[in-house]
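The values are calculated or read from the model by the stated rules, or taken from the named source; none is laboratory data. All values reported here derive from a predicted model rather than from experimental measurement. Heads up, the Cβs are rebuilt from the backbone with ideal geometry, glycines too, and the neighbour counts pull from every protein chain shown.
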Amino acid sequence: MDCGVSLKKVVCALRTLGMEPSDLAGLFITHEHSDHVRSMCLKTPLAEKFGIPVYASAGFWQWWEYNVPCRLDPSLRRVMAPFETVCLEGVEVQAFPKPHDAAEPLGFVVESGGERAGFAMDLGHVPARIEGVLTGLTHLVFESNHDVIMEKESGRPYFLIRRVLGYLGHLSNDQAAESLARLVTDHTKQVVLAHLSIDCNTPGLAVGAVKAALSPAGRKTSVFAAPAGDLAVYES
């Protein structure tokens, strides 16, 4: 799911799981921003080097043609439409459209062994159609990008703050908490908060906001913050 780090980091991370890149049946790209496709923009992209099929939206591939001077075997390209499902090695992956300032960005729901995991990062808001896809999944990887006050007081350029806070930008801790209060059910085993800003958020703030929102409904779902940079996984 995306490849926004260096090729070396991808290979090392897979090896900690006892895997090699050549073991991958497919690479699913959410959108074209560099922190999601860094290893796809090398002279010899990750997918080309290891012969991995790449699934992405038509908008992504159009962007690729005009902006990435890399070699990628056309046979490895797969166009995935919103709400289309593909099956690889017995694992089903469904795409869904998401609101972000990118070329036809996608989120994904992965189903295997009776469990379903939703991946929803980089979205400025959570429309009803996405809530319908993500409600009641067993696992959620969900954006909780920033604390609004920290973002506004960050000293970043105004255009960047406006983009992050905008309708097609990124979810704040409060927005994530509000949405997860509706998405998490008794079937949900785990929520992993993702895409935390290193400068404008902390794992404690993100996890605290979400747990406070889940508490009134009596949800006892595990809530973690995924590492931002080299930080450790955080659970309150």
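Confirm whether residue 1 is surrounded by 15 or more Cβ atoms within 10 Å (Cβ to Cβ), among the hydrophobic types (A, V, I, L, M, F, W, C) and assigned to a loop (DSSP other than H, G, I, E, B). So residue 1 passes the test. Close Cβ contacts (under 6 Å, 6 or more residues apart or on different chains) running from residues in segment 152-171 that are surrounded by fewer than 16 Cβ atoms within 10 Å (Cβ to Cβ) to residues that are not β-branched (Val, Ile, Thr) comprise 163/169; 166/124; 167/124; 167/125; 168/99; 168/100; 168/101; 168/124. Note on segment 25-43: among residues that are among the charged types (D, E, K, R) and in a helix (DSSP H, G or I), the one that is surrounded by the fewest Cβ atoms within 10 Å (Cβ to Cβ) is 35. Answer yes or no as to whether residue 83 is touching a residue at least 12 places away in the same chain (Cβ under 8 Å), assigned to a loop (DSSP other than H, G, I, E, B) and among the aromatic types (Phe, Trp, Tyr). The answer is yes for residue 83.
Yes/no per residue for (1) touching a strand residue (DSSP E or B) at 6+ places or on another chain (Cβ under 6 Å); (2) modelled with pLDDT of 95 or more; (3) assigned by TED's automatic domain parsing to the domain that holds residue 13; (4) among the basic types (Lys, Arg):
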| position | (1), (2), (3), (4) |
| --- | --- |
| 40 | no, no, yes, no |
| 95 | yes, yes, no, no |
| 98 | yes, yes, no, yes |
| 120 | yes, yes, no, no |
| 129 | no, no, no, yes |
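Before we move on, is residue 136 in contact (Cβ under 8 Å) with a residue 12 or more places away in the chain, assigned to a loop (DSSP other than H, G, I, E, B) and surrounded by 17 or more Cβ atoms within 10 Å (Cβ to Cβ)?
Details: in contact (Cβ under 8 Å) with a residue 12 or more places away in the chain: yes; assigned to a loop (DSSP other than H, G, I, E, B): yes; surrounded by 17 or more Cβ atoms within 10 Å (Cβ to Cβ): no.
No: the conditions fail for residue 136.
Of all the numbered requirements in (1) part of a helix (DSSP H, G or I); (2) surrounded by 13 or more Cβ atoms within 10 Å (Cβ to Cβ), residue 8 misses one, and that requirement is (2). Suppose we filter segment 211-236 for residues that are buried (at least 18 other Cβ atoms within 10 Å of the Cβ) and at pLDDT below 80; how many remain? Looking only at that region, the number is 2. Entry remark, segment 1-35: residues being free of Cβ contacts under 8 Å to residues at least 24 places away in the same chain and farther than 15 Å from residue 47 by Cα number 7 in total. Residues in segment 81-128 that are at positive phi and either of a type in the set (Ser, Thr, Tyr) or crowded, with 16+ Cβ neighbours inside 10 Å (or both): 104, 122. Touching a strand residue (DSSP E or B) at 6+ places or on another chain (Cβ under 7 Å), under 23 Å from residue 174 (Cα atoms), at pLDDT 95 or above and not assigned by TED's automatic domain parsing to the domain that holds residue 208: is that true of residue 105 in this structure? No. Candidates in segment 179-201 are the residues that are assigned to a helix (DSSP H, G or I) and more than 18 Å from the chain's Cα centre (by Cα); of these, the one that is surrounded by the most Cβ atoms within 10 Å (Cβ to Cβ) is 181.
Out of the residues in segment 114-142 meeting the condition of being among the small types (Gly, Ala, Ser) and within 15 Å of the chain's Cα centre (by Cα), tell me which one is farthest from residue 223 (Cα to Cα). Going through the qualifying residues, I end up with 124.
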